[in-house]
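Worksheet: the structure to be examined is printed underneath.
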Amino acid sequence: MASPSASSHLSLISKPSKPPPQTQPQPQPLGLLFQFPPSRSTASSISRPADSRFRCSASQTGFFTRLGRLMKEKAKSDVEKIFSGFSKTRDNLAVIDELLLYWNLADTDRVLDELEEALLVADFGPKITIRIVDRLREDILAGKLKSGAEIKDALKKSVLEFLNKMGSKTELQLGFRKPAVVMIVGVNGGGKTTSLGKLANRLKREGAKVLLAAGDTFRAAATDQLEIWAERTGCEIVVAEGEKPKASSVLSQAVKRGKEQGFDVVLCDTSGRLHTNYSLMEELIACKKAVAKVVRGAPNVQFIFSCHKQKLIISGISSFGLFQEILLVLDGTTGLNMLPQAREFNDVVGVTGFILTKLDGSARGGCVVSVVDELGIPVKFVGVGEGVEDLQPFDAEAFVDAIFA
């Protein structure tokens with residue numbers, strides 16, 4: 001006999017009562033099996049459980065859509081914070097203006113060599129830098145770029161294309177049902193708990209009911225730090241109880257409470273861990289499984305496929321009860337050294353977005369472009385200061401204008 005959970009999964013796809021005579025059943029395309037929300041052509045073939053636990057009202061969908069839009073709009077209005085936050089990177093790249101001020105065709109090779117050096121110093125990385133400079137050289141020799149101002153505009157356009165092509169979905173993807181669950185992960189000292197507190201503050205100001213989960217059970221002061229953020233932002237918090245608590249238990253309790261008490265968003269803190277410590281990385285998988293058990297049998301599964309550098313990537317699997325967002329916090333002062341961390345965390349837990357911190361203290365802001373291009377994962381937020389308002393939603397155009405002002 002099939003278990004109840006199995007039957008709830010099987011009920012998602014209705015089967016025809018009588019197959020057409022003398023015809024072989026055609027395999028259903030993968031896109032139809034795992035599409036959410038259903039398209040008009042397939043809506044009739046998907047039956048919805050009557051259980052009220054699985055109902056998704058239009059108001060809930062609209063709430064998360066509106067929340068993401070509001071945060072994005074405010075990011076555009078806070079351009080000054082982004083501009084000041086990238087001042088050190090901008091100073092590094094100021095030499096480009098000097099190079100292009102008196103540019104002439106005879107100096108093309110020398111100017112492009114020095115421009116290449118400036119991009120490398122700002123940690124754009126060799127791959128991105130070579131592609132940008134080669135494109136500029138081709139356009140100059142073809143007569144498409146005839147002045148220093150045109151070259152700079154082409155440079156900015158090229159960087160913006162890299163960001164938009166691989167990391168265009170910079171808004172929080174909070175799904176369609178409450179509570180949306182967001183897990184913050186990263187190495188020690190990157191600023192996870194602080195970033196979580198600032199994100200809670202931003203969500204709270206936009207009208208969301210936010211619950212914090214103190215899943216960092218290793219660092220002694222982590223819970224105290226998060227409790228201060230809870231008090232500061234007016235959010236409620238779930239903390240560990242008893243001796244040697246497990247992070248997975250704390251997070252599952254928080255999500256359960258979020259369901260029962262009608263919270264909009266549950267923000268889950270986790271312990272810092274080196275990406276090379278595989279036992280601790282496995283704990284993150286346990287956290288994902290524990291949360292999934294709280295809301296077992298949820299029907300709305302979405303597989304997101306993309307092709308990056310000739311490889312098929314499943315960039316996100318989202319369902320009610322699983323994490324709508326898994327945000328990796330990366331220390332901007334480490335520059336390109338963040339790439340190995342990002343790859344390992346993505347391989348283990350499936351990172352959906354980055355939070356880049358401490359960029360106001362770094363002249364290596366070009367790493368933003370490299371990490372997006374290398375992994376095809378968008379930057380969701382950037383930390384450009386120590387203030388509670390200094391965690392800014394990432395806007396690619398504002399970023400490019402800030403570093404190439």
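Name every residue in the range 159-175 that is more than 17 Å from the chain's Cα centre (by Cα) and either crowded, with 18+ Cβ neighbours inside 10 Å or farther than 23 Å from GLY376 by Cβ (or both), in order of residue number. Within the range 159-175, VAL159 is the sole residue that qualifies. Residues in the range 116-142 that are within 14 Å of VAL368 (Cα to Cα) and either assigned to a loop (DSSP other than H, G, I, E, B) or not charged (D, E, K, R) (or both): LEU119, LEU120, VAL121, ALA122, ASP123, PHE124, GLY125, PRO126, ILE128, THR129.
What is the residue count in the range 263-280 for residues that are modelled with pLDDT under 80 and touching a helix residue (DSSP H, G or I) at 6+ places or on another chain (Cβ under 6 Å)? Here the count works out to 2.
Residues in the range 124-152 that are open to solvent by 20 Å² or more (accessible area, probe 1.4 Å) and either basic (Lys, Arg) or under 28 Å from GLY353 (Cα atoms) (or both): PRO126, LYS127, ILE130, ARG131, ARG135, ARG137, LYS144, LYS146, LYS152. GLU236 - would you say it is touching a strand residue (DSSP E or B) at 6+ places or on another chain (Cβ under 9 Å), of a type outside the set (Gly, Ala, Ser), more than 17 Å from LEU391 (Cβ to Cβ) and surrounded by fewer than 20 Cβ atoms within 10 Å (Cβ to Cβ)? Criteria met by GLU236.
Applying the criterion of being buried (at least 24 other Cβ atoms within 10 Å of the Cβ) and part of a strand (DSSP E or B) to the residues of the range 368-390, the residue that is nearest to the chain's Cα centre (by Cα) is LYS380. Helices (runs of 4 or more DSSP H) fully within the range 47-114 that include at least 1 residues being more than 21 Å from the chain's Cα centre (by Cα), surrounded by fewer than 12 Cβ atoms within 10 Å (Cβ to Cβ) and at pLDDT below 65: 58-77.
From the list LYS309, LYS289, the lone residue that is modelled with pLDDT under 85 and of a type outside the set (A, V, I, L, M, F, W, C) is LYS309.
Scanning the range 204-221 for residues that are open to solvent by less than 40 Å² (accessible area, probe 1.4 Å) and of a type in the set (A, V, I, L, M, F, W, C) yields a total of 6.
Within the range 330-344, if we keep just the residues that are out of contact with any Phe, Trp or Tyr (no Cβ under 8 Å at 6 or more places or on another chain) and buried (at least 24 other Cβ atoms within 10 Å of the Cβ), the residue that is farthest from GLY186 (Cα to Cα) turns out to be GLY332.
The values are calculated or read from the model by the stated rules, or taken from the named source; none is laboratory data. Model, not experiment: these values are computed from the prediction. With ideal geometry, Cβ positions are generated from the backbone for all residues, glycine too; neighbour counts draw on all protein chains shown. When the accessible area is computed, the model is the full protein with side chains, heavy atoms only, and any ligands, DNA or RNA have been set aside. Shrake-Rupley method; radii C 1.70, N 1.55, O 1.52, S 1.80 Å.
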